[in-house]
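All remarks here apply to the structure that follows.
The values are calculated or read from the model by the stated rules, or taken from the named source; none is laboratory data. Model, not experiment: these values are computed from the prediction. When we count neighbours, we look across all protein chains shown, and the Cβ atoms used for this are built from the backbone with ideal geometry, even at glycine. All accessible areas refer to the heavy atoms of the entire protein, side chains included, with ligands and DNA or RNA removed. Shrake-Rupley method; radii C 1.70, N 1.55, O 1.52, S 1.80 Å.
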Amino acid sequence: MTRIDDKNWDYVLAGGGLQNGLIALALLHHLPSARVLLLESADTLCGNHTWSFHQADVPAAAEPWLSAVASVQWPAYEVRFPELARRVDCGYRSFSSAALATALTTTFEQSPHTQIVTGAHVSQVADGYVVLLDGRRFQGTYVLDGRGPTFSPVGFRGGYQKFVGLELALTSPCPRTEPLLMDATIAQDDGFRFMYVLPFTPQRVLIEDTCFSNNPRLDSNDGRERVRSYAEQNGYVIASEIRCESGVLPMPYEMPSRWPHAMPLAVGYRGGFFHPATGYSFPCALRVAEHIAQCAPENPVNADWEQLIVRHRNQYRFATVLNRLLFTAYEPARRHPVFSRFYRFPEQCIERFYRMDTTLGDKARFFMGCPPRGFTFRQLLKGAVLL
């Protein structure tokens, strides 16, 4: 690719993860001549993650450029609880960090006015420029800060989603052909615990031990043993371990003190663009990427951006109310009825909740009818009032 002067970038993207990766792909699809610089502190792009989403999360306008990222697709998925088993007929998709990194590398190689810089440790992000620890300074018309969450357990009010996942090679065909998003028939210790299973191929599967807990302590070795034990008990014959991913995500029940309204624009987790009640970040990241690309080459902080913020803030508030009820009104081991009740909702309602697009009617479902075991009508009424 052609090297261009550091002072002439149109977009400087600090952070090479999901959010800025999607922004870069969307920008270069809608505006192929854009001069885009992508800065990543690690030696490789996109980290070590698996991102999943419902097919309904992807608008038609995004499909042409998102298709550059190789994904696995399924027509439906299953959930299991002690009191419920259901096949949910909603399309589901997943892609890995490696798939996104490959798409970005290929796209940047084909774009003459772009560059990826890895090992770029950022010391300052400001309106119009980014400075690295080694003193290099990159100027750009628009600076987007997508370096990941600033979350710290100190002073944090909320719960935590903790997970340890193993991608496994199998010696015999996988017992499943469709995802198992929640298997909560396992022992409920430390919070709402479930196994998450993604059968990528007949002989490659991701199994993840996930817990919605009141504390952020993560024992990776314990998680690995839980996954291996679950695999053995459910007919997954392990040949080898391909990789391990783990993390602790915030599930807040308070609103952020502020939202991004000016350059440098905080995006992704750093800007609060994630689902507080599920941990899913793809639908929000896609929405932000499409907005920025559709505005290009104009300033994305416009009236439509303010409407996007209002929409996201309202959905975020609803999710924090649900988190507060979950983590304060339930004993840790008795949370699964909340989720089995949710999975009795209509499929379109489930899809809208995951992409943070719930309607007033959807919200009413959470607070009407017989409350889940462990909730009182007084607690549910309090949650409704908080909305």
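Go through the residues of the range 273-293 one by one and say whether even a single one is closer than 24 Å to A85 by Cβ and part of a helix (DSSP H, G or I). Looking through the range 273-293, none of the residues is closer than 24 Å to A85 by Cβ and part of a helix (DSSP H, G or I). Please verify whether the range 239-253 includes one or more residues that are hydrophobic (A, V, I, L, M, F, W, C), over 19 Å from G159 (Cβ atoms), at pLDDT 95 or above and buried (at least 22 other Cβ atoms within 10 Å of the Cβ). No, the range 239-253 contains no residue that is hydrophobic (A, V, I, L, M, F, W, C), over 19 Å from G159 (Cβ atoms), at pLDDT 95 or above and buried (at least 22 other Cβ atoms within 10 Å of the Cβ).
Only residues that are farther than 30 Å from R344 by Cβ and either free of Cβ contacts under 8 Å to residues at least 40 places away in the same chain or open to solvent by 60 Å² or more (accessible area, probe 1.4 Å) (or both) were counted across the range 61-78, and they come to 4. Screening the candidates D134, D145 for the property of being farther than 30 Å from D190 by Cβ, among the acidic types (D, E) and either touching a Phe, Trp or Tyr at 6+ places or on another chain (Cβ under 7 Å) or open to solvent by 60 Å² or more (accessible area, probe 1.4 Å) (or both) yields one hit, D134.
Search the range 304-321 for residues that are in contact (Cβ under 8 Å) with a residue 40 or more places away in the chain and pair each with any residue that is hydrophobic (A, V, I, L, M, F, W, C) and assigned to a helix (DSSP H, G or I) when their beta-carbon atoms are under 6 Å apart and the residues are at least 6 apart or on different chains. Qualifying pairs under 6 Å: V321/L386. Residues that are over 18 Å from Q161 (Cα atoms), at pLDDT 95 or above and of a type in the set (A, V, I, L, M) occur at least once in the range 199-211.
Set side by side, the residues V154, V164 differ, and just one is of a type in the set (V, I, T), open to solvent by 40 Å² or more (accessible area, probe 1.4 Å) and either over 24 Å from R86 (Cα atoms) or touching a helix residue (DSSP H, G or I) at 6+ places or on another chain (Cβ under 6 Å) (or both), which is V154.
Once the range 297-333 is narrowed to residues that are open to solvent by less than 20 Å² (accessible area, probe 1.4 Å) and outside any helix (DSSP H, G or I), the residue that is farthest from Q188 (Cα to Cα) is P300. Here S123 fulfils each of the conditions (1) touching a residue at least 12 places away in the same chain (Cβ under 8 Å); (2) surrounded by fewer than 21 Cβ atoms within 10 Å (Cβ to Cβ) apart from (1).
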